[in-house]
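First the structure, in the form of structure tokens, and then the observations on it.
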Amino acid sequence: MNGVKKRFIHILTGFVLTAGIVFSPLVSMTAYAMNVRIAFSDPSAQAGSEVSVSMKISSESGEKLGRANIMLSYDASYLTFESGDHAEGGAGSIHVTGQDTTDKTEWAYTLKFKTLQAGSTEIKVSTQEIYDTDEKTGNVDKQGSSKVTITAASSSSGEASLTSLKISPGTLTPAFSADVTEYSATVGEDVDKIAVSAPTKDSNAKVVISGNDALKMGENTITCKVTAQDGTTVKTYTIKVTKQAGTTPTAGNSSDGTSGTKVTVNGTDFDIASSFDESLIPEGYTKTDYSYKGTSVQAAKSKNGDALLLYLIGQGGSGNFYFYDEKTDSWSAYVEISVNKKSITVLPLGDGVQVPAGLTESTLELNGSKVRGWIWSGDTEERYFVVYGMNQDGEKNFYRYDMKEKTIQRYFEDPAADTGVPADKYTEAVNRYESLRKDYRTRGIILIILLVIAVLSLIGMIVAIAMRKRASGRKPERKNIRTEDDSGAPEEVTSEIPEAAEDEEPEETEEEKYLSGKETAESDEKTEKQAEQAQAEIEKKLAGEIRKAKDDGKGDGFEDVKL
């Protein structure tokens, strides 16, 4: 009994160790070493002045602070980052790192900003990674933010009125007055967007217009929120627009009055507007007068004079700009493609960061400062400039700056154009990588199959041992043999084993060994040896497969592939 238990424990231990070796790389745990608190001050300042924000990182559980990597975000329309302790950034993002001490439980920082306008804004933590001196991740259970209150300068204006209010298409009711803040208008069913012109009396005041697009059938509300220079005085103008079936009603002196000249563009009829609101003119164009086939109309011309825009009004009353080519007498729709405002902070090249192949180091002056970057080796015109920077989400990467368009986008390497690698070589490398990846996947499947075989073998051995044990506990039965006597009557005789001679020990039959239990003991010993041999063979195969997978992963350039 003790031998069976010992053998079972031995086999189970080997199986657990083998499974641990195979699956240990797949399991990872993060040990949190300390509880961390990030706190800020809530300062106040006057618009146009400098304001300092205090920031503290504290270990509340007593462990020493080792290093930190924190990203802060702020509204660049209210604040401009100037300087800070162990901090760099701008354009809405700041990167804060740990201090040069490993014996403190608290780090203090001072971040300096310049206020731009009156109002209230926040500085928040976007991402954070804080470690103790043993490189264990800290658990930030208390994370604050800074509320910066900016008051208006003493000379700031409180004027928040409009000088005029116009819409296109449509006519406002009643007529505009700076003191009247509620208006109404009616447009046709084909109008989905209304252009709003709302110039302010004070050029330093700001206007935010909302609700003028995606119009639905029925009543819609357009708001013009005017905020004075002092940041506290606010005036809101409201326009109730009713979208109904039919066309947009027009007035005799409306701002989108037609010239009486009709044109057809892509099968649709339009009227050329004799005039339109100047606020609708796109950036890069200026107002001009133009004679269209003898009819004087208002137009917009590009700064270089190559493009001409006329304002066309559809049958439903909605209007838009269209390009007109006088030479070919043709029209095409004016379409703007706009992108969200994006800004990055240029950073020094970090340790271990490799410059993409095919680039040559250079310098460029941006915003009055010289910036280190790179240009393409074959680009003699220096059309693009590559810098290493950080976006507002704290992500670091190389970015390509278009020196003509003044736009920026994430830099990517074209394997054929940027690095000079031929397309066939690149394809060959990709195919080799895919082949190796499939090979590693196959080896992983083989390891799983071997583990399944080991489990099944273990179960089979346990069942065999249990059956042997059960058989050894049975008692032998005496057999009665029915015979006939001399008269032919049946007679029952009990069989007996003949006695062996005194000087000769009789040889036991297989049945006698089985009934006496000797054969079971010998079989158990033999089974135990076979089990140990099978276990050793399985462990040997598993170790070999693991060693082979690790050896094949060295030097092949694909060290990121793990089993």
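Rank these for me by crowding, Arg437, Arg468, going from fewest to most other beta carbons within 10 Å.
Arg437, Arg468
Under a Cβ-Cβ cut-off of 15 Å, what is the net charge of the residues other than Leu308 that fall near it, where Lys and Arg count +1 and Asp and Glu count -1? All intermediate terms of the calculation are to be shown ahead of the outcome.
Details: positive: Lys287, Lys293, Lys301, Lys303, Lys327; negative: Asp289, Asp306, Asp325, Glu326, Asp329.
Around Leu308, the charge tally is 0.
Please give me the summed charge of the neighbours of Asp192: other residues whose Cβ is under 13 Å from its Cβ, Lys and Arg +1, Asp and Glu -1.
Cβ neighbours under 13 Å give a net charge of 0.
Which trypsin sites (Lys or Arg not before Pro) in the stretch 93-164 pass both tests, a DSSP loop state and at most 16 other beta-carbon atoms within 10 Å?
Sites meeting the loop and neighbour criteria: Lys104, Lys136.
Can you classify the stretch 180-239 as rounded, prolate or oblate using the Cα gyration tensor, where a ≥ b ≥ c are the square roots of its eigenvalues, rounded means a/c under 1.5, and otherwise it's prolate if a/b beats b/c and oblate if not?
prolate
Can you give the net charge of the other residues whose Cβ lies under 15 Å from the Cβ of Asp351, counting K and R as +1 and D and E as -1?
That works out to +2.
Sequence gap at least 6, Cα distance under 8 Å: using those rules, report the relative contact order of the stretch 345-410 to the nearest whole percent.
25 percent
Rg and Dmax of the stretch 175-325, using alpha carbons, in Å: what are they?
17.0, 52
How big is the stretch 258-333 along each principal axis, measuring the range of its Cα positions in Å and listing the largest first?
Reported extents, whole Å, longest axis first: 31, 28, 22.
Please order Ser49, Ser275 by the number of other Cβ within 10 Å, starting at the fewest.
Ser49, Ser275
Take every Cα-Cα distance within the stretch 34-151, group them into 10 Å bins from 0 onward, and report for each bin the whole-number percent of pairs it holds.
Going out from 0 Å in 10 Å bins, the stretch 34-151 shows 15, 47, 27, 11, 1 percent.
Take the alpha carbon atoms of the stretch 180-204, find their center, do the same for the stretch 35-50, and report the distance between the two centers in whole angstrom.
Using only Cα atoms to place each centre, the spacing works out to 39 Å.
Just so you know, all these numbers are worked out from the coordinates, no wet-lab data involved. Keep in mind that what you see is a predicted model, and the values were worked out from it rather than measured. Neighbour counts are summed over all protein chains in view; Cβ atoms, including those assigned to glycine, are modelled from backbone coordinates with ideal geometry.
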